[in-house]
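The values are calculated or read from the model by the stated rules, or taken from the named source; none is laboratory data. Note that the coordinates shown come from a computational prediction; the quantities given were computed from them, not determined experimentally. Methodologically, a virtual Cβ is constructed for each residue, glycine included, from the backbone with ideal geometry; neighbour enumeration extends over all protein chains shown. Accessible surface is based on the protein model in full, side chains and every heavy atom, while ligands, DNA and RNA are left aside. Shrake-Rupley method; radii C 1.70, N 1.55, O 1.52, S 1.80 Å.
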2 protein chains.
Amino acid sequence: MKRIVECVPNFSEGHRKDIISQIVGALASVEGVRVLDVQSDADHNRSVVTLVGDPEAVEEAAFQGIERAARLIDMDQHQGEHPRMGATDVVPFVPIAGVTMADCVEMARRLGERVGRELAIPVYLYEEAASRPERRNLADVRRGEYEGLKVEIETDSHRTPDFGPAGVGKAGATAIGARPPLVAFNVYLNTDDVAIAKAIARAVRHSSGGLRYVKALGLLVEGRAQVSMNLTDHRQTPIHRVVEMIRREAARYGVTIVSSEVVGLIPNEALLDATRFYLQLDDFSSDQILENRLAE
Amino acid sequence: MKRIVECVPNFSEGHRKDIISQIVGALASVEGVRVLDVQSDADHNRSVVTLVGDPEAVEEAAFQGIERAARLIDMDQHQGEHPRMGATDVVPFVPIAGVTMADCVEMARRLGERVGRELAIPVYLYEEAASRPERRNLADVRRGEYEGLKVEIETDSHRTPDFGPAGVGKAGATAIGARPPLVAFNVYLNTDDVAIAKAIARAVRHSSGGLRYVKALGLLVEGRAQVSMNLTDHRQTPIHRVVEMIRREAARYGVTIVSSEVVGLIPNEALLDATRFYLQLDDFSSDQILENRLAE
């Protein structure tokens, strides 16, 4: 099977097109890497880039992007609504195919060490790559943002970075980590009563007692109640379990599912897991998919 | 999306390994083609090869295989249980990805013309590529086999080939066509009563009033009743419809589905259709599968 890693670096520039395109150019310059998406938000003053490729190429591309952003972005001048602490703010590696989470953790550590050593940027490992439990959650790592960290990193030993100097320059600090792929998934109900969507969202989401890797909101979209979700680890909380739970909760209100939608991209394995469940497919290997055999 | 065609040529040699490997070598010699499987049966005295690749490469490989088999196999010497009429007996093209059935029909016609012209082998177009209704069914095309055709092709205008001479040499004649991919799919029931599997097979299969593109048998496999099927066109009779029909029929006998299995390879689209159905995924495009975007 072809080895594929996704990387979704976030850069602290959402206005200046020339700077964004120079950073994207640095990411795309590495052979074996494809930039699938660039989303720049002016209010957040932030750009989110999605790139994929083989692990070695993606790791090198991430380094090139961080190096370029450090030269082009001055965090002392940066303002924006989104919390941030560095020119390259976060760099998550995501295993897609033929690669384990452990491989991505190793990539994060190796890249972090290199960024600290070669670029003198403080690096914090987060999520699956975290070196201690209190650094798993990105929001905890980024507390105080650039301005706060600048002071604390020199005075508070809890803020000592995993790699690089205990001092922040104009490029700020960078969080590098590994996480499962995120799936944006919405379910539409045959009702315009948004209260039902909100009640179902509360039932399925982790924060109010539901499934561990589900974030959910109830919305009204074009006259239909919608349960809008982020599935943050489809391997541990698979899509079919979420759908069947919504189906059961909806029945309690006398409504049914009309349709669902995947927003953006989804790994094939997430779809295959649903097929396995509904068709009760035992012992099915993705090697049996003709396209995968051809790609070998 | 990457364009992929499958081709499953059948050759009239199942014993002599050197001849089989020369033919497979000719097929595999074309760049862009992968030989996925070779099954040789001594009783049938026949080998079935599965190859895949981009359309141009697969068409060229099929020609090379036919040419080599014509030089190595003498049909006057051939004996075997399986019906046959040529050294290369049948050559079906199967659309897998990024290719339509019409494209495969065109491949069959172009290859047939070339085989008739360059190799002086009579060619009959069959299934989706057939030039007349009575040639769609391979069994009708092959009636009388090599020995019968040798006489009839010169005397009976109904046997005039689509391409090539109205006369049979030692390489015999070849059927070239296009068909949908075939999926071998079995469903296990929580009973050892094979009569139930047989009754369900009768209900779902085309020949006794069931679904158009389903062939089915009831078997007892390792103590479990099994509905054993060939799905001959999963695009028109999708897997989920077959499974749900079996589920409903099984309920009538008080039994349930324990598991199912895909034997061999399956196109990803067949699995994706099941996911679409069960998750009620509207407007989902296979472009949203990360792996497909990368392969673009």
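Hey, B:VAL242 hits all of (1) more than 12 Å from chain A (Cβ to nearest Cβ); (2) closer than 18 Å to B:LEU211 by Cα; (3) of a type outside the set (Phe, Trp, Tyr); (4) touching a strand residue (DSSP E or B) at 6+ places or on another chain (Cβ under 7 Å) but one; which does it fall short on?
(1)
Of (1) at pLDDT below 95; (2) under 26 Å from the mean Cα position of the chain (by Cα); (3) over 28 Å from A:ALA97 (Cα atoms); (4) not polar (S, T, N, Q), A:GLU154 satisfies all except one. Which?
Checking A:GLU154 against (1) at pLDDT below 95; (2) under 26 Å from the mean Cα position of the chain (by Cα); (3) over 28 Å from A:ALA97 (Cα atoms); (4) not polar (S, T, N, Q), the one that fails is (2).
With B:GLU81, B:GLU60 as the choices, which residue is open to solvent by 10 Å² or more (accessible area, probe 1.4 Å), more than 14 Å from every other protein chain (Cβ to nearest Cβ) and either of a type in the set (S, T, N, Q) or assigned to a helix (DSSP H, G or I) (or both)? Full working, then the answer.
On the way: B:GLU81 fails: either of a type in the set (S, T, N, Q) or assigned to a helix (DSSP H, G or I) (or both).
The unique qualifying residue is B:GLU60.
Limited to the range B:245-268, what total is found for residues that are at the interface with chain A (Cβ under 9 Å from one of its Cβ atoms) and basic (Lys, Arg)?
Here the count works out to 0.
Six or more apart or on different chains, Cβ atoms under 6 Å: show the pairs whose first residue is in the range A:29-46 and within 14 Å of chain B (Cβ to nearest Cβ) and assigned to a strand (DSSP E or B) and whose second is surrounded by fewer than 18 Cβ atoms within 10 Å (Cβ to Cβ) and basic (Lys, Arg).
Taking only residues 6 or more apart or on different chains, the pairs are A:LEU36/B:ARG293.
So, in the range A:154-175, how many residues would count as being within 16 Å of A:ARG71 (Cβ to Cβ) and open to solvent by 60 Å² or more (accessible area, probe 1.4 Å)?
1
Name the one entry in B:VAL115, B:VAL151 that is closer than 16 Å to B:MET75 by Cβ and open to solvent by 20 Å² or more (accessible area, probe 1.4 Å). Spell out the reasoning first.
Details: B:VAL115 fails: open to solvent by 20 Å² or more (accessible area, probe 1.4 Å).
Just a single option satisfies the conditions, and that option is B:VAL151.
Within the range A:222-239, track down each residue that is aliphatic (A, V, I, L, M) and within 13 Å of another protein chain (Cβ to nearest Cβ).
From the range A:222-239, those aliphatic (A, V, I, L, M) are A:225, A:227, A:229, A:231, A:239; that's our starting set.
Of everything in the range A:222-239, those that are aliphatic (A, V, I, L, M) and within 13 Å of another protein chain (Cβ to nearest Cβ) turn out to be A:VAL227, A:MET229, A:LEU231, A:ILE239.
Among the numbered criteria (1) open to solvent by less than 50 Å² (accessible area, probe 1.4 Å); (2) out of contact with any Gly (no Cβ under 9 Å at 6 or more places or on another chain); (3) more than 19 Å from A:ALA173 (Cβ to Cβ), which one does A:LEU51 miss?
Evaluating A:LEU51 over (1) open to solvent by less than 50 Å² (accessible area, probe 1.4 Å); (2) out of contact with any Gly (no Cβ under 9 Å at 6 or more places or on another chain); (3) more than 19 Å from A:ALA173 (Cβ to Cβ) leaves (2) as the failure.
Filter the range A:269-283 down to the residues that are modelled with pLDDT of 90 or more and within 7 Å of another protein chain (Cβ to nearest Cβ) and list them by number.
Residues satisfying the conditions are A:LEU271, A:LEU272, A:ALA274, A:THR275, A:TYR278, A:LEU279, A:GLN280, A:LEU281.
Looking at A:ARG247 and the list (1) within 27 Å of A:PHE11 (Cβ to Cβ); (2) at pLDDT 95 or above, which single condition is not satisfied?
Checking A:ARG247 against (1) within 27 Å of A:PHE11 (Cβ to Cβ); (2) at pLDDT 95 or above, the one that fails is (1).
So for the range A:39-58 (the condition being among the basic types (Lys, Arg) and closer than 22 Å to B:ASP287 by Cβ), does at least one residue qualify? Spell out the reasoning first.
Step one: list which residues in the range A:39-58 are among the basic types (Lys, Arg), which gives A:46.
Okay, now just the ones that are also closer than 22 Å to B:ASP287 by Cβ, so none.
No, every residue in the range A:39-58 fails to be among the basic types (Lys, Arg) and closer than 22 Å to B:ASP287 by Cβ.
Yes/no per residue for (1) among the aliphatic types (A, V, I, L, M); (2) open to solvent by 10 Å² or more (accessible area, probe 1.4 Å); (3) out of contact with any strand residue (DSSP E or B) (no Cβ under 6 Å at 6 or more places or on another chain); (4) closer than 27 Å to B:LEU231 by Cβ:
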| site | (1), (2), (3), (4) |
| --- | --- |
| B:CYS7 | no, no, no, yes |
| B:VAL24 | yes, yes, no, no |
| B:VAL35 | yes, yes, no, yes |
| B:ASP74 | no, yes, yes, no |
| B:MET101 | yes, yes, no, yes |
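Count, please, the residues in the range B:97-119 that happen to be among the β-branched types (Val, Ile, Thr) and assigned to a helix (DSSP H, G or I). Break it down stepwise before answering.
To start, the set of residues in the range B:97-119 that are among the β-branched types (Val, Ile, Thr) comprises B:99-100, B:105, B:115.
Imposing the further condition that a residue be assigned to a helix (DSSP H, G or I) reduces the set to B:105, B:115.
So the count comes out to 2.
Confirm whether B:MET85 is in contact (Cβ under 8 Å) with a residue 60 or more places away in the chain and under 30 Å from B:ILE289 (Cα atoms).
no
A:ASP18 fails exactly one of the following numbered conditions: (1) touching a residue at least 40 places away in the same chain (Cβ under 8 Å); (2) assigned to a helix (DSSP H, G or I); (3) surrounded by fewer than 19 Cβ atoms within 10 Å (Cβ to Cβ). What is the number of that condition?
Among (1) touching a residue at least 40 places away in the same chain (Cβ under 8 Å); (2) assigned to a helix (DSSP H, G or I); (3) surrounded by fewer than 19 Cβ atoms within 10 Å (Cβ to Cβ), the lone unmet condition for A:ASP18 is (1).
Restricting to the range A:176-187, give me the number of residues that are open to solvent by 10 Å² or more (accessible area, probe 1.4 Å) and of a type outside the set (A, V, I, L, M, F, W, C). Full working, then the answer.
Quick first cut of the range A:176-187, residues open to solvent by 10 Å² or more (accessible area, probe 1.4 Å) only: A:179-180, A:182, A:184, A:186.
Cutting the leftovers down to of a type outside the set (A, V, I, L, M, F, W, C) gives us A:179-180, A:186.
The total comes to 3.
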